[in-house]
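Engineer: What follows is a single structure, and I will ask about it in a moment.
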Amino acid sequence: MDGDAPDKYKMTERRMVPEGRDVVTLKDVCVKAINGGTPSTEAEKYWESDMP
């Protein structure tokens with residue numbers, strides 16, 4: 001590819017995208033990003049359930 005975008009696409013600073021779309025960072029669209037995890041097995045309140 002010679003760097004030209006095909007019809008209905010545009011070349012941005014980082015990649016080719018469909019016309020009418022913008023490339024933004026995750027920081028631009030998220031207030032806060034966090035990850036989850038398994039609750040502590042020592043905290044019984046997390047494990048008092050009928051769910052297997």
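Engineer: Among Thr41, Thr25, Thr12, whose mean-square fluctuation peaks in a Gaussian network model of the chain (Cα, cutoff 10 Å)?
Structural biologist: Thr41
Engineer: Would you count, across the chain, every pair of lysines whose alpha carbons are under 30 angstrom apart, provided the pair is eight or more residues apart or spans two chains?
Structural biologist: 4
Engineer: May I ask for the longest run of the chain untouched by trypsin sites (Lys or Arg not before Pro) that are loop-located per DSSP and have at most 16 neighbouring C-beta atoms (other than their own) within 10 Å? Show your work: numbers first, answer last.
Structural biologist: Details: sites that count: Lys8, Arg14, Arg15, Arg21, Lys32.
Longest gap between qualifying sites, sites excluded: 33-52.
Engineer: Evaluate the distance, in nm, between pseudo-label points positioned 7 Å from the Cα of Lys8 and of Lys45 along their respective Cα→Cβ axes.
Structural biologist: 5.4
Engineer: Under the rule of -39500 (n - 2.57) per DSSP H run of 4 or more residues, summed and divided by the residues of the chain, what mean residue ellipticity at 222 nm is obtained, to the nearest 500 deg cm²/dmol?
Structural biologist: It lands at -1000 deg cm²/dmol.
Engineer: Okay, next question. What FRET efficiency would be calculated for the residue pair Asn35, Arg15, taking the C-beta separation as r and a Förster radius of 22 Å, to the nearest 0.05? Intermediate values should be presented prior to the final figure.
Structural biologist: Numbers: r = 26 Å, r/R0 = 1.17.
The formula returns an efficiency of 0.30 here.
Engineer: Using DSSP to call loops (not H, G, I, E or B), can you name the GluC sites (Glu not before Pro) in segment 11-48 whose Cβ has at most 13 other Cβ atoms within 10 angstrom?
Structural biologist: Glu13, Glu19, Glu42, Glu48
The numbers here are math on the coordinates, done by the rules we state, and not lab data. Only a predicted model underlies this, so the values are computations on that prediction, with no experimental measurement involved. Counting neighbours? That spans all protein chains shown, and the Cβs are built from the backbone with ideal geometry, glycine included.
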